[in-house]
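All remarks here apply to the structure that follows.
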Amino acid sequence: GSYLNYNNINLRFSPSRIWINDTIIDKNEFKPTLLEFIEFTSEGKQTMLHLNFNQNLMYEDYLTYKTMIYNINKPTILVNDLEFIFDKNKVPDCGCN
């Protein structure tokens, strides 16, 4: 499907960092920062979150992040069903340590 009609936000999770688009976010501030970011950028559009996980992320952390995201539970915020799991060695230009 086309994502042009959405406010698209890329979330990247690695063992040591979280990014909202290209901005590194403090893990403890992730949810409030994400909600502020969505409010600031949505311009009335429905938001689509795209989830990207570093392959070295512990499964426990993966579940924690997924739960946190799905607990947002607002009709204006959708989560893309397609998840990307990346090996930073195979995508060296992504800056996603």
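The values are calculated or read from the model by the stated rules, or taken from the named source; none is laboratory data. Fair warning: this is a prediction, and the values are worked out from it, not measured in the lab. What goes into the accessible areas is simple: the full protein's heavy atoms, side chains included, and nothing from ligands, DNA or RNA. Shrake-Rupley method; radii C 1.70, N 1.55, O 1.52, S 1.80 Å.
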Thr33 to Asn21: extension gain in nm, 0.36 nm per residue of separation minus the Cα-Cα distance?
-> 3.1 nm
Rounded to the nearest 10 Å², the accessible area of Lys27 at probe 1.4 Å | 80
Residues of the chain: accessible area per residue with a 1.4 Å probe, Å² | 65
Solvent-accessible area, 1.4 Å probe, carbon plus sulfur percent, for segment 1-95 = 50
What are the residues whose amide H is under 5 Å from the amide H of Ile85, where those residues sit 5 or more places off or on another chain and H is modelled from the backbone?
-> Phe53
Which order do Met48, Met68 take when ranked by solvent-accessible area (1.4 Å probe, heavy atoms of all protein chains), largest first?
-> Met68, Met48
Pull up all non-local amide H partners of Asn8: gap of 5 or more, or a different chain, and H-to-H distance under 5 Å with H placed in the peptide plane.
-> Met48
Of the labelled options (i) 6.0; (ii) 6.7; (iii) 6.3, which one gives mean projected area of the Cα convex hull in nm² as computed for this structure?
-> (iii)
Return the sequence-ordered ³J(HN,Hα) values of segment 47-57 in whole Hz as given by the Karplus equation 6.51 cos²θ - 1.76 cosθ + 1.60 applied to θ = phi - 60°, using x for Gly and Pro.
-> 9, 10, 8, 10, 9, 10, 10, 5, 5, 8, 5
